[in-house]
Amino acid sequence: MNIYANSPKSFNAYPRGDFDLESGTIKRLRKSKKSSLNPFKMLKSLANRLQYYYKLHPLIVFIISLSLGITILVVLALYESRYRTMNSYPKLVMAKNDYPFAKLKNLVMVAGHSVYTSNSCGKVDKEDSWFLESYQRHPGQAATFITHIQEGVQIAAKDDEALLLFSGGETRKDAGPRSEAQSYWTVAESKGWFGNEESVRWRALTEEHARDSFENLLFSVCRFRELTGAYPQNITVVSYDFKKDRFAHLHRSAIDFPESRFFYSGTPASSTSKEAALKGEALVRAQFQEDPYGCRGSLWRKKLGRDPFHRSIPYPNGCPEIEGLFRYCGAALYQGSLPWV
């Protein structure tokens with residue numbers, strides 16, 4: 001029988017603590033105090049150690065301390081310089097009337113295809129005056145560039161509210177840092193704007209960063225916004241007739257611009273290059289069907305190859321409303337909001 005079964009309290013046979021045989025008492029165990037970090041003691045300890053090492057190796061400690069101090073000063077100076085730079089250029093808020101071409105409403109864009117390299121403007125229709133890729137070296141090729149320029153000028157001349165943009169970057173390394181857009185503008189200047197200098201020259205400008213046909217369109221829309229403070233009501237693109245489907249369907253759909261406000265003026269390729277041009281266009285069109293924004297695979301590599309001088313793209317700084325479109329990369333069409341939809 002267990003005599004402790006009904007006991008309400010358990011019997012402590014071995015009480016906690018140490019039993020003192022001499023006094024006959026139990027000494028309670030002291031609870032260990034948790035060590036707390038004392039920053040003052042830590043600093044004092046660190047100072048003592050530094051003083052100790054300084055007595056042993058005064059020169060080394062001095063050099064290390066001097067280097068650390070200089071590093072801190074340099075970091076602070078750089079930070080202050082960057083801070084001042086960032087705050088010295090406040091974001092410019094412009095009223096509609098502050099834009100240089102605020103009254104213009106429509107965009108006429110001429111897509112560049114080559115860089116003019118001659119020192120004389122008297123040979124603009126000669127192939128050796130232009131930097132031509134191997135697939136462009138055909139008799140009559142230079143004349144097609146002149147036709148594009150003239151077509152763009154004449155379309156703008158018929159529309160007093162049109163801004164004419166020649167589009168194309170510094171795409172050829174061996175041509176030097178000259179853009180396609182500046183080449184076309186220079187040729188138009190040498191031709192006296194084909195009899196429309198007074199009405200067209202003041203509203204004919206350049207977009208000098210595009211590296212392919214999609215960027216010709218997208219960058220020109222952004223450039224229009226930079227110059228006018230608004231987006232174009234109507235867009236007219238001038239290029240080869242065999243590129244109509246690429247521009248009017250693929251690129252226009254990629255930026256979701258209304259079809260009823262998009263126009264295309266195509267001029268023929270030279271007779272000697274037409275067959276090869278059609279084959280090449282079929283290939284490029286198929287690539288843009290799979291990659292509408294030219295941001296992957298072969299189209300992206302081609303784009304990188306057309307930027308030999310590593311120019312920084314300023315867009316979409318001038319057109320913040322369509323920043324999402326600039327950042328987008330996908331096989332499906334962009335679904336974000338756009339100011340012209």
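The values are calculated or read from the model by the stated rules, or taken from the named source; none is laboratory data. Keep in mind that what you see is a predicted model, and the values were worked out from it rather than measured. Backbone-built Cβ (ideal geometry, glycine too); neighbour counts: all protein chains shown. We work out accessible area using only protein heavy atoms, side chains counted, and drop any ligands, DNA or RNA first. Shrake-Rupley method; radii C 1.70, N 1.55, O 1.52, S 1.80 Å.
Taking every residue in segment 258-282 that is under 16 Å from Phe247 (Cβ atoms) and open to solvent by less than 40 Å² (accessible area, probe 1.4 Å) and pairing it with any residue that is of a type in the set (Phe, Trp, Tyr) and at pLDDT below 95, at least 6 positions away or on another chain, the pairs with Cβ-Cβ distances below 9 Å are Ala277/Tyr135; Gly280/Tyr135.
Taken across segment 105-122, residues that are at pLDDT below 90 and within 29 Å of Ala162 (Cα to Cα) do occur, with at least one present.
Here's the yes/no breakdown for (1) open to solvent by 30 Å² or more (accessible area, probe 1.4 Å); (2) touching an Asp or Glu at 6+ places or on another chain (Cβ under 7 Å); (3) of a type outside the set (D, E, K, R):
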site: Gly140; (1), (2), (3): yes, no, yes
site: Ala143; (1), (2), (3): yes, yes, yes
site: Gly152; (1), (2), (3): no, no, yes
site: Gly176; (1), (2), (3): no, no, yes
site: Ser190; (1), (2), (3): yes, no, yes
site: Ala204; (1), (2), (3): no, no, yes
site: Asp212; (1), (2), (3): no, no, no
site: Phe224; (1), (2), (3): no, no, yes
site: Val237; (1), (2), (3): no, no, yes
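Only one of Asp212, Asp159 is modelled with pLDDT of 95 or more, among the acidic types (Asp, Glu) and either over 27 Å from the mean Cα position of the chain (by Cα) or not assigned by the TED database to the domain that holds Pro292 (or both). Can you tell me which?
Details: Asp212 fails: either over 27 Å from the mean Cα position of the chain (by Cα) or not assigned by the TED database to the domain that holds Pro292 (or both).
From the options Asp212, Asp159, the qualifying one is Asp159.
Among the residues of segment 297-341, those that are under 23 Å from Gly229 (Cβ atoms) and open to solvent by 70 Å² or more (accessible area, probe 1.4 Å) comprise Asn317, Pro320, Glu321, Glu323, Arg327, Ser337, Val341. Contact map, segment 132-155: residues that are aromatic (Phe, Trp, Tyr) paired with residues that are buried (at least 20 other Cβ atoms within 10 Å of the Cβ) and not in a helix (DSSP H, G or I), Cβ distance under 7 Å, separation 6+ or inter-chain. Pairs shown: Phe145/His113; Phe145/Ser114; Phe145/Trp130.
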